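In what follows, a structure is listed as structure tokens, so that the remarks can point back to it.
The values are calculated or read from the model by the stated rules, or taken from the named source; none is laboratory data. Note that this is a predicted model, so its numbers are computed, not measured. Cβ atoms come from the backbone with ideal geometry, glycine included; neighbour counts cover every protein chain shown.
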Amino acid sequence: MMLDHLIQELDVREQKGLTRRLRRMDEIKEKGAILFSSNNYLGLAEDAEMKACAAEAILRFGTGSTGSRLTTGNSTLHEELEQQLASFKGKEAAILFSSGYLANIGTISALMGKDDVIFSDSLNHASIIDGCRLSRAETIIYKHVDMEDLEKKLKENPAARHKLIVTDGVFSMDGNIAPLPRIVEIAEAYGAWVMVDDAHATGVLGSNGAGTAEHFGLTNRVHLCMGTMSKSIGAEGGYVAADHVFIEYLRNNARSFIFQTALSPGVIAAASAGIRLIQQQPWRREKLIEQASLFRQGLKKLGFELVEGTTPIIAVVIGDAQQAVDFSKRLEEAGLFAPAIRPPTVPIGTSRIRVTLTASHQAQDLDFALHCFENIGKEMRFIP
């Protein structure tokens, strides 16, 4: 049969514990399980003001944008949000994409070409990897947050037309922060652009929640700040903030901008409200970081192996993929939803439970989660 090889590959995935299946979050919530896996870090996706702003925009402008930004899809809402993002990120201008994935593949593939070289961290997000592939530039992978390896590889490639160092600001599966000060120093020494994917850092890091560059005081030395509005901001979509010339170039060359349908009015209005609330309500961010520290300490005290970090992404390393799946199932049975993360999302042998905290979690939720991890960890003999 023509489909035999597909069936065989699916069978192999099932045997290795790597099959992926969709889960309905509404059903999980109805069962009373507490979510410890959401990227809604500040709890804004359910905020009443966010909902009201989205509803008002829908009533005024309709449910859809009706086309790409360059045909019939542009509006005052889009342009105002771009200005708001640029100001928030401390840049001259910004450009919206319909998702963070589209922002990365569109930006990297537009700016870099066959005579250029991209230097990419080995644990960068899949959208960065795909952007590099689409660009047709030579892509050189440096060891994860290894600055000696990055500098060595830049030294070995002095003749490239353009050089781009691209990194996650906060790595989505490990929760650690890129060593941006050293990346910027190396980039300036070797004439490279720096692009930071702040999907998981926006709203979490920085004195105003603007992300990794603000966190390190490097806003003016990072060329391209990419991010999403689907995590801390509580809405949907992606963006890049940079100098005017970068944004004008992307507007004219990024295929995932030119040929995408523009974000809908409700989404745009919610994102605008989210950015405003991030700046007006620092207590959300402060609570989140404090809870992350306490929960990490609790897991370490129990004896779990964690990836080192300070963000609300906490990787509890299990190792074997099937054991990680089993651990996750037991957590759900106990009333805690935190899915297993397996290859190819993470390297073989590092399957994990990826816990993410949000500002909506209360102290009793953290206590309950630690209790679940302790009981299951002992039952499965991961901790003494």
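For this structure, a couple of remarks:
- Just so you know, in the range 1-55 the residues that are among the small types (Gly, Ala, Ser), modelled with pLDDT of 90 or more and in a loop (DSSP other than H, G, I, E, B) include one that is nearest to GLY266 (Cα to Cα), and it is GLY43.
- Filter result (crowded, with 24+ Cβ neighbours inside 10 Å and more than 15 Å from ALA93 (Cβ to Cβ)) within the range 225-237: THR228, MET229, LYS231, SER232, ILE233, GLY234, ALA235, GLY237
- The number of residues in the range 350-368 that are over 22 Å from the mean Cα position of the chain (by Cα) and more than 16 Å from LEU306 (Cβ to Cβ) comes to 6.
- Cβ pairs under 8 Å, 6+ apart, first in the range 282-293 and in contact (Cβ under 8 Å) with a residue 40 or more places away in the chain, second in a helix (DSSP H, G or I): ARG284/LEU44; ARG284/LEU277; ARG284/ILE278; ARG285/ILE278; GLN291/LEU366
- Residue in the range 11-25 that is among the hydroxyl-bearing types (Ser, Thr, Tyr) and over 30 Å from GLN362 (Cα atoms) present: yes
- The listed residue being touching a helix residue (DSSP H, G or I) at 6+ places or on another chain (Cβ under 9 Å) and either part of a strand (DSSP E or B) or without any contact (Cβ under 8 Å) to a residue 60 or more places away in the chain (or both), out of ALA241, ALA235: ALA241
- Test: residue in the range 251-258 that is within 27 Å of GLY62 (Cβ to Cβ), among the charged types (D, E, K, R) and in a helix (DSSP H, G or I): yes
- Qualifying residue in the range 103-118 (condition: within 16 Å of LYS163 (Cβ to Cβ), surrounded by fewer than 21 Cβ atoms within 10 Å (Cβ to Cβ) and small (Gly, Ala, Ser)): yes
- Some residue of the range 313-335 being touching a His at 6+ places or on another chain (Cβ under 7 Å) and modelled with pLDDT of 95 or more: yes
- Taking the range 336-384 as the range and being closer than 21 Å to TYR41 by Cα, without any contact (Cβ under 8 Å) to a residue 60 or more places away in the chain and either in contact with a His (Cβ under 7 Å, 6 or more places away or on another chain) or not in a helix (DSSP H, G or I) (or both) as the test, the residues that pass are ALA340, ILE353, GLN362.
- For the range 205-223, a residue qualifies if it is in a helix (DSSP H, G or I) and crowded, with 18+ Cβ neighbours inside 10 Å, and the qualifying residues are THR212, ALA213, GLU214, HIS215, PHE216, THR219.
- Selection status of ALA126, over 23 Å from PRO343 (Cα atoms), of a type in the set (Gly, Ala, Ser), modelled with pLDDT of 95 or more and out of contact with any Lys or Arg (no Cβ under 8 Å at 6 or more places or on another chain): no
Okay, residues lined up against (1) polar (S, T, N, Q); (2) free of Cβ contacts under 8 Å to residues at least 12 places away in the same chain; (3) within 17 Å of VAL346 (Cβ to Cβ):
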| site | (1), (2), (3) |
| --- | --- |
| ILE258 | no, no, no |
| ILE268 | no, no, no |
| GLY274 | no, no, no |
| LYS301 | no, yes, no |
| GLN323 | yes, no, yes |
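- Residues that are free of Cβ contacts under 8 Å to residues at least 12 places away in the same chain and either of a type in the set (Asp, Glu) or in contact with a helix residue (DSSP H, G or I) (Cβ under 8 Å, 6 or more places away or on another chain) (or both) within the range 325-335 comprise just one, GLU333.
- Matching helices (runs of 4 or more DSSP H) fully within the range 72-180 where at least 2 residues are free of Cβ contacts under 8 Å to residues at least 60 places away in the same chain and out of contact with any His (no Cβ under 7 Å at 6 or more places or on another chain): 76-89, 126-135, 147-155
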